[in-house]
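Some notes on the structure that comes next.
Each reported figure results from applying straightforward, stated rules to the coordinates on display, with no laboratory input. Here the structure is a predicted model, which means the values were calculated and not measured. Quick reminder, even Gly has a Cβ in these numbers, built from the backbone with ideal geometry, and neighbours come from all protein chains shown.
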Amino acid sequence: MTRRSRPKADLLRFVRGPDSELVFDLKKNLPGRGVWVSVDRSLVDAAIKKGLFSRAFKSEIRIASDFVTSMEAGMRASALGSLGLARKAGQVILGFASVEAALTKGEVEVLVHASDGADDGRRKLAAALRRAGDEAATPHTVTMFTASELSLALGRPNVIHAAVRVGHGAASFLDKTLLVARFCADGVDDRLGSDVVPDIPDPPDLRV
């Protein structure tokens, strides 16, 4: 164990299910003893291969072959779900012209582009933001979701560009999107031994 300290937001929690299967606790609130791993797909993969979950739980743990893929799918669904909630709360702007106008007024906290959308629209919106100058703060930009994913989440066909207004909805969507981005980033396996730890009494300040 090292003496590094990590906030709860930097860790993923896992629990043992009723049939000794490994369960990803996305909301970090499931009952029972948990094990924490840094937000890094390569570390979770390595922990599975090395049998570290069974070691941490001190019992044999069953892990589905598609476990890590399902984890990512769950995180993506959670992020898109928060975007859908923001839409229902009236915080999402749809339509190229409306997004462009909101950018120039400084009303956008998160700008969303479909990953499979054309570059032309992105360039035009970037130009609109430049024209606004200092009057509009530069929004966070999300490009990891396809047009189909965005359309399903927002209940509107062919969503290529969207924007989320400044507020709680934008913060929630951004936090959950960043979790996916961090999870999918390349990791370093030499940290593994200190990144798989059991629950300790006082999260969110977890020592790993």
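Counting only Cβ charges, +1 for Lys and Arg and -1 for Asp and Glu, the dipole size of the range 92-166 around its Cα centre is about 120 debye. Note on ALA171 and ASP10: the model spin-label points, each 7 Å out from Cα along the C-beta direction, lie 2.1 nm apart.
The alpha carbons of the range 92-166 give a radius of gyration and a Dmax of 11.4, 34 Å, in that order. Counted over all Cα-Cα pairs of the range 36-195, pairs farther apart than 26 Å make up 38 percent.
In summary, the convex hull built on the alpha carbon positions of the range 1-107 has an orientation-averaged projected area of 10.2 nm².
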